[in-house]
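Nothing in this text is a laboratory measurement; each read-out follows from the coordinates by a stated rule. All values derive from a computational prediction rather than experimental measurement. A quick note on method: Cβ atoms are made from the backbone with ideal geometry, for glycine too, and the neighbour counts reach across all protein chains shown.
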Amino acid sequence: MKKLVIYGSKKMKGEQYVQGSKNASLPIIVSTILTKGKNVLKRCPNLNDTVNTCKILTMLGCETKRHKDCLTIDTKNLYGFEISKHLMNTMRSSIIFLGAILARCKEAIVYLPGGCAIGKRPIDFHISALEKMGAQIKISGDKLHCKVKDKSLKGATIFLSFPSVGATENIILAAVTAKGTTKIINAAIEPEIEDLCCFLNKCGAKIKMFKTQKQTIVIEGVSSLTPCEYEIMPDRIVASTILCAAAATHGEVLLKSINKNHISHVLEVLSSMGCYIKTYDDNKIFLKSTENLKAVKQIKTMPHPGFPTDLQPIVMALSCLCEGTTVFIETIFENRFQHVNELKKFGAVVEVKDRVAVTKGVPFLHAANVYASDLRAGAALIVAACAAEGISKIYNVPYIDRGYEKVEEQFFKLGANIFRK
């Protein structure tokens with residue numbers, strides 16, 4: 001079994017170029033289906049999830065080719081509209097293929113998605129929205145068979161009772177070539193959603209985002225899209241993980257090519273803990289930690305622009321070393337505290353009740369052998385292991401590989417003694 005071996009208690013120090021975003025790259029890769037041609041995606045991370053997404057495209061008749069962080073996708077010869085259950089089960093985001101395939105092929109057969117078991121992700125929003133746009137959907141067990149009633153999907157006004165990222169992406173992909181105008185009210189407005197819209201607009205789509213008007217996205221359907229060359233945004237969760245690890249090890253790092261506005265939440269938390277933070281040219285961030293970090297009182301996860309649920313496990317690992325207590329309130333996923341028992345193996349003091357966790361900082365952590373239960377839980381364990389005294393081992397590394405490109409190399413370059421064995 002592959003594992004990460006980390007010789008902890010060494011200050012992280014150095015400069016790092018932030019990888020491309022996992023959560024932005026996946027819907028953008030899927031959206032190339034709509035362009036019927038060759039797209040070039042720069043800064044596209046080489047991850048398990050991007051690899052599996054490309055496997056699905058290949059199965060549908062597309063061609064994909066990678067050179068370093070540049071991914072070329074030719075969707076001109078797409079002929080299939082059914083995705084195997086095996087490939088659907090490899091990742092939670094695979095459901096967004098539904099809107100793109102349905103828009104291009106007028107028919108789609110998919111299965112309920114797999115991925116990290118961090119909580120329920122019902123697809124009711126996806127189904128009701130697509131039905132409102134003119135799709136007929138039959139569900140048999142975990143199989144979805146979808147067809148367009150008429151010749152094409154039609155624009156509609158859709159209100160989401162919860163700003164679901166996946167549902168928003170699916171609606172956008174279905175709407176860009178639909179007849180008429182689609183309006184998504186209470187839409188998800190994460191930076192990754194904005195990046196998807198920017199890519200599609202560069203291809204000829206007509207999408208406008210109104211963040212202050214009930215989080216509304218308006219899509220005016222166009223007849224066709226044109227392939228383009230596009231650079232994917234930096235990964236804000238990876239950047240935040242590196243900063244938290246540097247803070248936990250009392251180190252100092254300079255992150256390059258990262259939008260400070262994308263990680264404002266974690267910068268505010270780190271600053272409150274006592275870290276020195278300075279930004280340069282809007283795309284460089286310097287952090288220097290202090291020996292005596294102070295706990296922040298409360299962190300509550302919320303849909304964007306609130307505190308990201310993906311950061312909760314990572315910041316919790318850091319808070320275990322801060323003087324004082326922090327209350328974590330998780331409002332997005334019901335199983336997002338699976339990392340707590342593993343953090344306790346390092347000597348962390350954490351108490352959980354329902355969706356509330358309370359950490360009490362300790363002077364130091366000790367080495368442990370731990371298991372990643374999901375992607376972000378694995379990142380939290382890396383933060384703890386880098387700060388812990390002794391040699392730690394982290395198992396279930398494929399979870400981490402879903403979102404961090406060669407994670408051991410990224411951290412090794414910053415002075416961490418981390419190896420994959």
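Here are some notes:
- When the Cα gyration tensor is reduced to axis lengths a ≥ b ≥ c, the ratio a/c stays below 1.5 for segment 277-421, which is therefore classed as rounded.
- Residues Tyr79, Tyr371, sorted so that the one with the fewest Cβ neighbours within 10 Å comes first: Tyr79, Tyr371
- Amide H contacts of Glu389: Leu365, His366, Ala367, each under 5 Å away and 5 or more positions distant or on a separate chain (H built 1.01 Å from N in the peptide plane; Pro and chain starts excluded).
- Applied to segment 128-138, the Karplus parametrisation 6.51 cos²θ - 1.76 cosθ + 1.60 on θ = phi - 60° returns per-residue 3J(HN,Hα) values of 5, 5, 5, 5, 5, 8, x, 9, 9, 10, 10 Hz, with x for Gly and Pro.
- Between the helical axis of 264-273 and the longest alpha-carbon principal axis of the chain there is an angle of about 10 degrees.
- Charge tally in the Cβ shell below 9 Å around Thr182, where Lys, Arg are +1 and Asp, Glu are -1, Thr182 excluded: +1
- For segment 29-121, the set of trypsin sites (Lys or Arg not before Pro) satisfying both a DSSP loop assignment and a count of at most 14 other C-beta atoms within 10 Å is given as Lys68, Lys76, Lys120.
- Distance between the C-alpha centres of segment 260-285 and segment 368-421: 23 Å, rounded to the whole angstrom.
- Taking amide hydrogens as placed 1.01 Å from N in the peptide plane, the amide H of Gly251 sits under 5 Å from those of Met12, Ser289, each at least 5 positions away in sequence or on another chain.
- Modelled spin labels at Asp354 and Ser140, positioned 7 Å past Cα toward Cβ, are 4.2 nm from each other.
- Along the chain, longest interval not containing exposed GluC sites (Glu not before Pro), exposed being DSSP loop plus at most 16 other Cβ atoms within 10 Å: 1-290
- Residue ranges 170-180, 4-14 sort as 170-180, 4-14 when ordered by packing (mean number of other C-beta atoms within 10 Å per residue, highest first).
- Karplus-derived HN-Hα couplings along segment 175-181 (A = 6.51, B = -1.76, C = 1.60, θ = phi - 60°), whole Hz, x at Gly and Pro: 8, 4, 10, 7, 7, x, 10
- Distances between placed amide hydrogens fall under 5 Å for Phe328 paired with Ile299, Ala357, Val358, Thr359, all partners being 5 or more residues away or on another chain.
- Order of Tyr395, Tyr111 under a 10 Å beta carbon neighbour criterion, fewest first: Tyr395, Tyr111
- Rounded to the nearest 5, the antiparallel percentage of DSSP beta bridges internal to the chain is 75%.
- Lysine pairs with alpha-carbon atoms under 21 Å apart, segment 157-257, spacing 8 or more or separate chains: 10
- Other residues whose C-beta falls under 11 angstrom from the C-beta of Val218 contribute a net charge of +2, scoring Lys and Arg +1 and Asp and Glu -1.
- Shape class of segment 259-336 from the alpha-carbon gyration tensor: oblate, with a/c at 1.5 or above and b/c at least as large as a/b.
- For segment 22-224: rounded, prolate or oblate by the Cα gyration tensor [a/c cutoff 1.5]: rounded
- Here Glu323 and Lys151 are evaluated by their C-beta separation; at R0 = 60 Å the FRET efficiency comes out at 0.40.
- Taking other residues whose beta carbon is less than 15 angstrom from the beta carbon of Phe364, and scoring Lys, Arg as +1 and Asp, Glu as -1, yields +2.
- Gain in span if fully extended, Lys55 to Glu82, counting 0.36 nm per residue against the direct Cα distance: 8.4 nm
- The label-point distance for Lys214 and Phe419, in a model that sets each label 7 Å from Cα toward Cβ, rounds to 5.9 nm.
- Exposure proxy for Ser93, Ser392: other Cβ atoms within 10 Å of each Cβ, ordered fewest to most, give Ser93, Ser392.
- Positive-end residue of Ile56, Ala372, Cys386, charge dipole of the chain with Cβ unit charges: Ile56
- Estimated [θ] at 222 nm from DSSP helical runs (n ≥ 4, -39500 (n - 2.57)) normalised by residues in the chain, nearest 500: -8500 deg cm²/dmol
- Segment Phe412-Glu268, length gained on full extension (0.36 nm per residue, minus Cα span): 49.2 nm
- Tilt relative to the chain, helix 48-59 - C-alpha long axis, 0 to 90 degrees, to 10: 20
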